[in-house]
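Undergrad: Sharing a structure, written as structure tokens. Questions coming.
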Amino acid sequence: MILYFTGTGNSRYVARKIAEEINDEIISINELIKHESTEELISTDRPFIFVCPTYAWRLPRVVTDFIRKTKFSGNNKAYFIMTCGEDTSKAINYIQKLCNDKDWQLKGMAEVIMPENYIALFDVPDKETSNKIIEESSHLIYKIASDIRDEKDFEIVEPSGFGGTIKSGITNIAFYKFIVHAKGFYSTKQCIGCGKCVDLCPLNNISLKDKQPRWGNKCTHCMACICGCPTKAIEYKNKTQTKERYYLK
Ligand SMILES: Cc1cc2nc3c(=O)[nH]c(=O)nc-3n(C[C@H](O)[C@H](O)[C@H](O)COP(=O)(O)O)c2cc1C
């Protein structure tokens, strides 16, 4: 069973490719969280395969919380596939700990480089570069799918050095404390009040007031609202006005 979380489509794309290759069922964690079905039992006799973005060199906190809260049964094997713009540093250590706590056998963690989507802090690649990155990911995605099909362990990810320990450790904690807030988001005159941002927000953190989006305090910086807006009417502080949006359908 493939369970994916996504902000801007990269992880959904990878999850779908794997599902096609291994002919397995696919479930959106976004939908489960959105409909508050996170504590229900999820059961399969095939391995659990989690696909999600990397946030500050670890699993997104929202995914870790989902896994911790939800009851899983039927088998105890888990694969983790993290899409990322660059690297996952020591995310593997935290995944191993999560698996130990869940009594799961970790069959491996793989990182798949996909286009950077963190528009609030960085530039995202142009269309041509994004397409090239996506195309280049296919070889690895097929290898991942083939290993899962054969129930093989993934090749071990080279452990990163001390820099990685800092990034996945203290920097991750500081990142959630100081950066991950909805405060900087606002809509512009281009907003047509369509509510797409409300639908896309996995945490139900956006509501419409007078046909304009209002953000609550549960934001996880997934970038779905700003990148998925059909009229490019959402901005973040003064960081995004001139930037292209990135969203993979
Ligand atoms: C809040 C946030 C934090 C991120 N942190 C990292 C990171 O630590 N390392 C990295 O390589 N990419 C990082 N990225 C980039 C995403 O992990 C990457 O673009 C991913 O494929 C997006 O997946 P999605 O489209 O399924 O949401 C970050 C993106 C966001 C929005």
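The values are calculated or read from the model by the stated rules, or taken from the named source; none is laboratory data. All figures in this text were calculated on a predicted structure; none of them were measured in a lab. Cβ sites come from the backbone with ideal geometry, for glycine too, and all protein chains shown count toward neighbours.
Undergrad: Take the residues in the range 12-43 that are among the small types (Gly, Ala, Ser) and within 20 Å of Lys218 (Cβ to Cβ); name whichever of them is surrounded by the fewest Cβ atoms within 10 Å (Cβ to Cβ). Steps first, answer last, please.
TA: Step one: filter the range 12-43 for residues among the small types (Gly, Ala, Ser), giving 15, 19, 28, 37, 43.
From what is left, the residues that are within 20 Å of Lys218 (Cβ to Cβ) are 28, 37.
Working: Ser28: 16, Ser37: 11.
Taking the candidates together, the pick is Ser37.
Undergrad: Within the set of pairs 6 or more residues apart or between chains, which connect a residue that is in contact (Cβ under 8 Å) with a residue 24 or more places away in the chain and over 15 Å from Gln96 (Cα atoms) inside the range 41-56 to a residue that is assigned to a strand (DSSP E or B) and more than 16 Å from the ligand (Cβ to nearest atom) with Cβ atoms less than 7 Å apart?
TA: Leu41/Lys71; Leu41/Ser73; Ile42/Phe72; Ser43/Ser73; Pro47/Lys77; Pro47/Ala78; Pro47/Tyr79; Pro47/Lys107
Undergrad: Can you find a residue that is modelled with pLDDT of 95 or more, closer than 26 Å to Glu40 by Cβ and surrounded by 19 or more Cβ atoms within 10 Å (Cβ to Cβ) anywhere in the range 120-140?
TA: No: zero hits.
Undergrad: Still on this model: Pairs only if they're at least six apart or on different chains, beta carbon under 8 angstrom, first in the range 174-197 and farther than 18 Å from Ala224 by Cβ and in the same structural domain as Cys219 (by the TED database), second more than 16 Å from the ligand (Cβ to nearest atom) and assigned to a loop (DSSP other than H, G, I, E, B); list them, first residue then second.
TA: Lys189/Ala233
Undergrad: Enumerate the pairs (first residue in the range 112-126 and under 16 Å from Cys225 (Cα atoms); second residue anywhere and near the ligand (Cβ under 8 Å from one of its atoms) and not in a loop (DSSP other than H, G, I, E, B)) with beta-carbon separation below 8 Å, excluding pairs fewer than 6 apart on the same chain, so at least 6 apart or on different chains.
TA: Asn117/Asn10; Asn117/Pro53
Undergrad: Output the residue which, of all residues in the range 78-129 that are among the aromatic types (Phe, Trp, Tyr) and more than 13 Å from the ligand (Cβ to nearest atom), is nearest to the chain's Cα centre (by Cα).
TA: Once the filter is applied, the top-ranked residue is Phe80.
Undergrad: Identify, by number, the condition in (1) exposed (fewer than 13 other Cβ atoms within 10 Å of the Cβ); (2) more than 21 Å from the chain's Cα centre (by Cα) that Ala233 doesn't meet.
TA: (1)
Undergrad: Here's another thing I want to ask about it. Taking Asp153 and the conditions (1) within 12 Å of the ligand (Cβ to nearest atom); (2) touching a strand residue (DSSP E or B) at 6+ places or on another chain (Cβ under 8 Å); (3) part of a loop (DSSP other than H, G, I, E, B), which numbered condition does it fall short on, given that it satisfies the others?
TA: If we test Asp153 against (1) within 12 Å of the ligand (Cβ to nearest atom); (2) touching a strand residue (DSSP E or B) at 6+ places or on another chain (Cβ under 8 Å); (3) part of a loop (DSSP other than H, G, I, E, B), just (1) comes out false.
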